[in-house]
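Every read-out reported here was derived from the displayed coordinates using simple, explicitly stated rules and does not represent laboratory data. Since we're looking at a predicted model, the values are computed, not measured. So basically every Cβ, Gly included, is an ideal-geometry build from the backbone, and we count neighbours across all protein chains shown.
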Amino acid sequence: MSDDRASWARRIASERLARDWSQLDAVRALRAHAATELPSDESMVRQWKRWESGAMPGDFYRPIIAATFGTVTAALFPEPGRRNGENEILAASGMETLEIVSRLNRSDVDNATLDALRITTDRLCSEYPFMPSEQLLIEGRQWLRRVVELHSKSLTLAQHREVLALSGWLALLVGCVEYDSGDRHAAESTRQAALSLATESDHAEVAGWAHEMRAWFALTTGDYRGVIAAAQAGTDRAPAHSVAVQLAAQEAKAWARLGDRRQVEVALDRGRRLLEGMPHPENLDNHFVVDPAKFDFYAMDCYRLVGEDKLARTLADEVLRAGTDFDGTERAPMRNAEARVTLAVTAAREGDLEQALIYGERALQGERQSIPSLIMTSRELAAEMRRRYSGEPEAESYLTHLRDLGQAKPGFLPQ
């Protein structure tokens with residue numbers, strides 16, 4: 001039977017069921033997040049039924065419903081974003097890449113050229129989720145070199161700071177792709193360069209993301225106390241920027257792996273409240289923008305780790321839905337891979353080895369991968385396989401595949 005309801009209507013129903021709530025239970029939970037008195041239970045249950053059937057809640061109720069399910073309004077009720085490409089660069093700046101490069105060779109740089117560089121940087125950061133890592137690394141390094149060379153030009157003070165900031169963003173991007181590719185030492189050097197550029201230009205957001213990279217590196221190598229320290233340092237540096245949301249998420253992931261559920265909830269709620277109060281991002285594809293759907297991705301990871309399998313599975317389904325176009329094209333292949341690992345883990349825990357292996361193998365097959373993150377989450381699936389299916393030939397085949405993936409990256413090999 002087909003379900004033609006809006007995705008948000010299906011989601012609030014599945015979120016409710018994942019918590020084993022009746023519609024009355026959901027209404028009572030809703031009250032806890034409302035700042036004012038709500039109508040009677042009978043009236044609100046009728047309202048809830050209308051919402052689940054597809055009647056869009058009003059502006060007053062949407063953020064309360066989101067808070068009830070531990071997410072943000074724009075994740076549950078998404079708004080459209082935009083994607084920057086070469087055509088958009090031409091339209092916005094009037095320049096193609098060749099002209100931008102030609103202008104960079106002049107003795108001085110005008111503001112139009114800097115605008116074009118800003119748009120180009122945004123484009124590269126927006127291609128992070130889907131461009132092959134080898135290609136993005138080449139392009140990122142080329143543009144980083146070109147921008148760094150501008151320091152030798154005749155620049156005003158404002159232009160100098162802008163060039164430093166653009167250099168910082170490009171260094172962050174290059175460092176992320178280096179780490180995705182398994183080159184930890186290069187990634188750390190590039191991260192430190194980005195932090196230095198942020199300090200020189202007094203750019204809090206670039207500095208915050210440099211600390212976030214440190215938290216990410218620590219998370220994937222098992223240094224969970226290091227994650228918490230990096231998250232706190234980054235939040236101190238950029239408390240009002242969206243990176244603070246991702247830092248809270250990285251902290252929550254670390255607490256989950258340390259087994260402290262209370263701190264997981266505190267960190268996730270801090271991040272959710274920060275994100276709820278921020279304007280909706282203009283460009284959802286930019287890697288250094290925390291889009292509302294990403295918050296579901298963070299929570300999915302934490303729920304899987306603390307054993308809330310129904311909630312983890314519900315959010316994994318939502319991550320896959322949000323990260324896939326109607327024609328099946330994956331907009332967020334790396335997030336989708338981790339969502340499939342989550343579905344594999346929950347299937348393994350429920351005794352469905354066949355389904356666990358289908359999802360686990362599919363997660364390892366994407367062309368665009370973050371090797372450290374994928375191995376980290378797959379390692380958790382491997383632990384379930386060993387605990388529940390030791391000696392099963394199919395499980396051993398998966399474990400071999402995972403070891404093959406990590407053998408060239410010894411720091412990320414499953415234990």
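Round to the nearest 10 and give me the degree value, 0 to 90, for the angle of helix 157-180's Cα axis relative to the longest principal axis of the chain.
50 degrees
Going by average Cβ neighbours within 10 Å, how do the peptides 270-282, 375-387 rank, with the highest at the top?
375-387, 270-282
Rounded, prolate or oblate for the stretch 199-324? Axes are the square roots of the Cα gyration tensor eigenvalues, ordered a ≥ b ≥ c, and the cut-off for rounded is a/c under 1.5.
In terms of gyration-tensor shape, oblate.
Between ARG321 and GLN192, what is the label-point separation in nm under the 7 Å Cα-to-beta-carbon projection?
For GLN192 paired with ARG321, the spin-label model returns 4.6 nm.
Mean-square fluctuation check for the chain, GNM, Cα pairs under 10 Å: which of GLN135, GLN159, GLN369 is largest?
Comparing GLN135, GLN159, GLN369 in a Gaussian network model of the chain, the most mobile one is GLN135.
Please identify, among GLN250, GLN263, GLN142, the residue showing maximal mean-square fluctuation in a Gaussian network model of the chain using a 10 angstrom Cα cutoff.
Sorting by GNM fluctuation, first place goes to GLN142.
Does anyone have the angle between helix 353-363 and the longest principal axis of the chain? Alpha-carbon axes, 0 to 90°, nearest 10?
Roughly 20 degrees, rounded to the nearest 10.
So for the pair ARG387, ASP352, with labels modelled 7 Å out along Cα→Cβ, what separation do we get in nm?
1.9 nm
Taking mean projected area of the Cα convex hull in nm² as the quantity of interest, determine which of (i) 24.8; (ii) 19.4; (iii) 21.6 was computed from the displayed structure.
Correct label, based on the coordinates given: (iii).
Against the longest principal axis of the chain, how steep is helix 7-18, in degrees 0 to 90 to the nearest 10, with axes from Cα atoms?
50 degrees
Which whole-number percentage describes the relative contact order of the chain, with Cα contacts under 8 Å and a sequence gap of 6 or more?
Relative contact order comes out at 13 percent.
By how many nm would the segment from ARG161 to ASP4 lengthen if fully extended, with 0.36 nm per residue of separation less the alpha-carbon distance?
51.4 nm is the gain from fully extending ARG161 to ASP4.
Could you work out the helix-only [θ] at 222 nm for the chain, with each DSSP H run of four or more residues adding -39,500 (n - 2.57) and the total divided by the number of residues, to the nearest 500 deg cm²/dmol?
That comes out to -22500 deg cm²/dmol.
Can you tell which of SER242, SER133, SER390 shows the greatest fluctuation in a Gaussian network model of the chain with Cα springs below 10 Å?
Taking springs between Cα atoms under 10 Å, the residue moving most is SER390.
Enumerate the amide H contacts of THR324 below 5 Å, restricted to partners 5 or more residues apart or on another chain; note that Pro and chain-start residues carry no placed amide H.
The list, which skips near neighbours in sequence, is ARG331.
What ³J(HN,Hα) values, in whole Hz, does the Karplus curve 6.51 cos²θ - 1.76 cosθ + 1.60 give for the stretch 21-38 when θ = phi - 60°, with x put for Gly and Pro?
Per residue, the Karplus-derived 3J(HN,Hα) values read 9, 7, 5, 5, 4, 4, 4, 5, 5, 4, 4, 5, 9, 8, 7, 10, 5, 9 Hz.
Would you mind computing, in nm to one decimal, how far apart the modelled labels at ASP236 and GLN142 are, each placed 7 Å from Cα along Cα→Cβ?
So the label points at ASP236 and GLN142 sit 4.1 nm apart.
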